[in-house]
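Asks: Dumping the structure here so I can ask a few things about it.
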Amino acid sequence: MDKPQRCAEQMPRRTLKAGICILTDFPFMRPFILFFCWSLAWAGDGFVSLIPKRDLAEHWIVDGKAPAEAWSLRGGVIACTGQPNGFLRSKKLYRNYVLRAEWRFQTGWEPKGKQEWPNAGFFIHAHEVENGWPKSLEVQGYFGEAGSLFGVRGGKVSGAKRGPFVKDRPPFGSWDKYEITSQNGGVKVVLNGVLVNEGSEAAPSDGNVCLQSEGWPVFYRNVSIKELP
């Protein structure tokens, strides 16, 4: 066997797909490559990823009662212990935008009542903190009321719904996906590809976006934002 042939056979085999080289000789790298590809897809078309590369402080400020130790970054996923209550606040303020994000709860929860489920979610248009939570709007991550939109600590929004009105829910512990559009005081909430809620006359009409910690381990991934005119 001549030297060029030996060199070619010794080189890692590569498969081109969507313009990205997948190193088939190194299967342990596949999860990282798949995450990279997924992140590129979500961050396209003007979307900017809010998932840090190395440190949460790249995009987020720890706020509320939960200490910094309650939050961690694990392979492109923001993880939270859920206790005590608190939130991550974006370093930037936003007014008109589309926010995309996925979240799921740690499995193992056993409901003690008909409507009792772990809580988490997203604050948008967040401002000053009052009694633990920011004046804001909340897009609910509470498993039993996902899709709800309401004001928190003096925040207000007209025409939006709150409650267990979304009946088609995935198994507990599965990933849910939000696309939240804020434009000139109007807010639209798309849950798992379905428009489930709308509100208008939001007050505040701008502010930070936040990831919430409230009582049970929760995970956030593929968080990205696209600012609108």
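Asks: When the residues of the range 117-131 are narrowed to those that are assigned to a loop (DSSP other than H, G, I, E, B) and in contact (Cβ under 8 Å) with a residue 40 or more places away in the chain, which ends up surrounded by the fewest Cβ atoms within 10 Å (Cβ to Cβ)?
Replies: So, considering only residues that are assigned to a loop (DSSP other than H, G, I, E, B) and in contact (Cβ under 8 Å) with a residue 40 or more places away in the chain, the one surrounded by the fewest Cβ atoms within 10 Å (Cβ to Cβ) is His127.
Asks: If I ask for residues that are part of a strand (DSSP E or B), within 15 Å of Cys210 (Cβ to Cβ) and either among the basic types (Lys, Arg) or in contact (Cβ under 8 Å) with a residue 40 or more places away in the chain (or both), which ones from the range 57-96 would you list?
Replies: Selection gives Trp60, Asp63, Gly64, Trp71, Ile78, Cys80, Gly86, Phe87, Leu88, Arg89, Ser90, Tyr94.
Asks: Go through Phe105, Phe123 for me and flag whichever is in the same structural domain as Val190 (by TED's automatic domain parsing) and under 21 Å from Gly207 (Cβ atoms).
Replies: Of the residues listed, the single one that is in the same structural domain as Val190 (by TED's automatic domain parsing) and under 21 Å from Gly207 (Cβ atoms) is Phe123.
Asks: Report, by residue number, each residue of the range 209-224 that is modelled with pLDDT of 95 or more and buried (at least 22 other Cβ atoms within 10 Å of the Cβ).
Replies: Passing the criteria: Val209, Cys210, Leu211, Gln212, Val218, Tyr220, Asn222, Val223.
Asks: Residue by residue through the range 97-116, note down the ones that are under 19 Å from the mean Cα position of the chain (by Cα), part of a loop (DSSP other than H, G, I, E, B) and surrounded by 14 or more Cβ atoms within 10 Å (Cβ to Cβ).
Replies: Gln106
Asks: I would also like to ask the following. State all residues of the range 170-208 that are surrounded by 16 or more Cβ atoms within 10 Å (Cβ to Cβ) and either assigned to a loop (DSSP other than H, G, I, E, B) or outside the structural domain of Lys91 (by TED's automatic domain parsing) (or both); if no residue qualifies, say none.
Replies: Listed by number, the residues that qualify are Phe172, Gly185, Asn192, Pro204, Ser205, Asp206.
Asks: Does Leu88 satisfy being at negative phi, in the same structural domain as Ala68 (by TED's automatic domain parsing) and out of contact with any helix residue (DSSP H, G or I) (no Cβ under 8 Å at 6 or more places or on another chain)?
Replies: Values: at negative phi: yes; in the same structural domain as Ala68 (by TED's automatic domain parsing): yes; out of contact with any helix residue (DSSP H, G or I) (no Cβ under 8 Å at 6 or more places or on another chain): no.
Spelling it out, it is not the case that Leu88 is at negative phi, in the same structural domain as Ala68 (by TED's automatic domain parsing) and out of contact with any helix residue (DSSP H, G or I) (no Cβ under 8 Å at 6 or more places or on another chain).
The values are calculated or read from the model by the stated rules, or taken from the named source; none is laboratory data. For clarity, every value in this text was computed on a predicted model and none was experimentally measured. Virtual Cβ from ideal backbone geometry, glycine too; neighbours counted across all protein chains shown.
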